[in-house]
Every structure is written in C-alpha cells, then in structure tokens.
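Here's the structure we're looking at; comments come further down.
Rule-based calculations on the coordinates, nothing more; no lab input. Everything numeric here is computed off the predicted structure, so don't read it as measured data. Don't worry about glycine lacking a Cβ; one is built from the backbone with ideal geometry, like all the others, and counts go over all protein chains shown.
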Amino acid sequence: MILVPLLVVVGVDPLVAAPLGILSVAAASMAAAPGQVGEGLVHHRLGVTLEITASAGAIAGAVLADALPESVLVRLLGVVALAAALGGGLRKGMRNRPEAGFSADVAGEWPGTLQGAYRLGEDVIPYAARRVPLGLAAMTVAGIVSGLAGVGGGFIKTPVLSELMHVPVKVAAATSTFTVGLTASTALIVFAGQGRVDYRAGAVVVVAAVVGGVIGARLQGSLAPQFVRRWLAVVLLVVGVVVLVRG
C-alpha cells in the first residue's frame with residue numbers, strides 16, 4: 001500500500017509499478033508470517049477460507065488491468081486507501097475484551113472453527129469471526145484491487161477482518177499478512193504471462209521487503225491494538241490523499 005502509490009507519485013506507470021508491489025507483498029508475507037504464526041496470531045482456517053475468493057478476484061483484476069487507463073488505476077488506489085483509513089480510524093476502543101475463563105488457554109486458533117484466542121500482555125482474549133459471507137464478498141473486492149493495482153489487498157483485508165468480521169486487529173493484521181502472499185502470487189502469475197515483471201528492479205524490491213517484513217512482525221508484537229489501528233489509518237489517509245492529488 002506504500003510502494004505502488006509512491007512509485008505512481010514519482011511518475012512510474014501503474015502497469016509497471018503493480019508487479020513490483022506484488023513482489024514486495026509476497027516477499028514481506030513470507031518474512032513476517034513465521035513469527036506471527038509462532039505467536040498464535042494467524043488464523044489459518046479463516047485465512048484460507050477467505051483466500052478462495054480473494055485469489056479469484058486477483059486473477060480477474062490482473063487481467064482487467066490491461067484494459068483500464070492509467071487515470072482510473074490511480075484513482076482506484078486513492079479511493080480504496082481512503083475508505084480503508086476511515087473504516088479503521090473512526091472506531092474507538094477495543095471490541096474484544098479479556099475474559100478470565102480463558103487465562104490458561106494457549107494463544108491460537110481453535111481447530112475446526114473460525115474462532116480462537118490471542119494473548120495481549122497477561123490476558124487471553126477470545127474471538128469469533130462473524131459475517132463470513134460478507135467477508136468472502138469483500139475479499140473478492142480485495143483480490144480485484146490487488147490484481148488491478150498491485151497493492152496486495154492487505155489494506156482492505158485487515159479492515160474487513162477487523163471492522164466487518166469482528167476479528168481483533170492484531171489477529172486481522174497477522175492473518176492478512178499470511179494470506180496476501182497467496183493473493184500476490186496468484187496475480188504475479190498473470191503479470192508474468194503479460195510480460196509486465198521487471199525482474200532486475202523486482203530483485204531489489206524483494207530484498208527490501210524481506211527486511212521490512214521481519215522488522216514489522218517483531219514490532220507488531222509489542223504494540224497495542226488501538227495504536228496499530230490508529231497509525232494504519234493515518235498512513236492510509238496520507239497515501240490516499242497523495243495518490244488522488246497525483247491522479
């Protein structure tokens with residue numbers, strides 16, 4: 001959500017910037033996911049369930065991107081970033097609260113369900129995904145945006161999981177990190193077939209994204225959910241405004 005808009009702002013064609021963004025998403029996902037899995041923040045069953053529609057959307061978006069003018073792609077980037085910023089930034093407080101009865105539970109997903117618990121300090125907080133059909137529909141949109149713009153769709157997936165499906169924001173962010181690599185890989189296959197991948201620039205992007213993914217995953221474990229949501233919204237707001245002005 002940062003790399004592609006910045007490349008567009010400095011004058012790179014969105015059709016060239018999108019595959020670089022997808023490469024960065026896939027690399028960062030692989031770097032960050034292992035640590036988040038170890039902390040019990042990733043809900044695999046939920047992520048894979050939602051990824052079915054997200055990957056289908058990514059294929060459609062990547063194919064459609066060739067048919068759209070640059071101005072449409074740029075505006076799409078800006079509008080979706082602003083929508084995600086508003087969704088995460090307007091809500092206050094914590095939705096999921098610690099419950100004493102779960103204090104001895106191990107953090108992680110509950111097998112066979114779309115529920116789980118995660119540890120926040122000394123507390124264990126249970127949660128359950130809601131509105132799954134709506135979540136599947138929203139993930140289709142995330143996949144389409146990913147294929148169109150090369151942004152991975154994580155900045156849609158995280159607010160969808162958190163605000164629409166009521167998954168705690170730290171679990172939502174970690175599960176999104178786990179799944180965006182799958183979405184990105186799907187779109188990347190289409191981009192490669194279209195001859196749009198700059199492998200030399202892509203190698204630099206991959207190295208930087210791996211470093212950033214490791215650092216980001218370590219920082220996330222020490223940050224409060226409200227802080228994560230607030231600053232994610234601020235970053236998205238800035239990105240959306242800059243991209244729309246550029247457009």
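Details
- Sequence-separation-based contact order of segment 3-246, relative, with Cα cut under 8 Å and 6+ spacing, percent: 38 percent
- Counting only Cβ charges, +1 for Lys and Arg and -1 for Asp and Glu, the dipole size of the chain around its Cα centre is about 460 debye.
- Among 154-166, 200-212, the order from most to least packed when residues are scored by Cβ within 10 Å on average: 154-166, 200-212
- The alpha carbon centroids of segment 118-156 and segment 21-49 are separated by 12 Å.
- Packing rank of 177-183, 71-77, where each peptide gets the mean count of other beta carbons within 10 Å, highest leading: 177-183, 71-77
- Here the extension length gained between Val211 and Val37 equals 60.9 nm, from 0.36 nm per residue of separation less the Cα-Cα distance.
- When Tyr199, Tyr118 are sorted by how many other C-beta atoms sit within 10 angstrom of their C-beta, beginning with the fewest, the order is Tyr199, Tyr118.
- Ordering Leu50, Val12, Leu219 by Cα displacement along the dipole of the chain toward the positive end leaves Leu219 in first place; charges were set at the Cβ atoms of Lys, Arg (+1) and Asp, Glu (-1).
- Along the axis of the charge dipole computed for the chain (Cβ charges of +1 for Lys and Arg, -1 for Asp and Glu, origin at the Cα centre), the listed residues Leu82, Val171, Ser185 are led at the positive end by Leu82.
- GNM flexibility winner over the chain from Thr140, Thr49, Thr113 (Cα, springs under 10 Å): Thr113
- Residues Glu39, Glu109, arranged from fewest to most other Cβ atoms within 10 angstrom of their Cβ, appear as Glu39, Glu109.
- Between the entries (i) 17.3, 55; (ii) 18.2, 57; (iii) 17.0, 52, the label attached to Rg and Dmax of the Cα atoms in Å calculated for this structure is (i).
- GNM top mover of Ile189, Ile22, Ile144 - the chain, alpha-carbon springs below 10 Å: Ile189
- Whether segment 144-247 is rounded, prolate or oblate, judged on the alpha carbon gyration tensor where a/c under 1.5 counts as rounded: prolate
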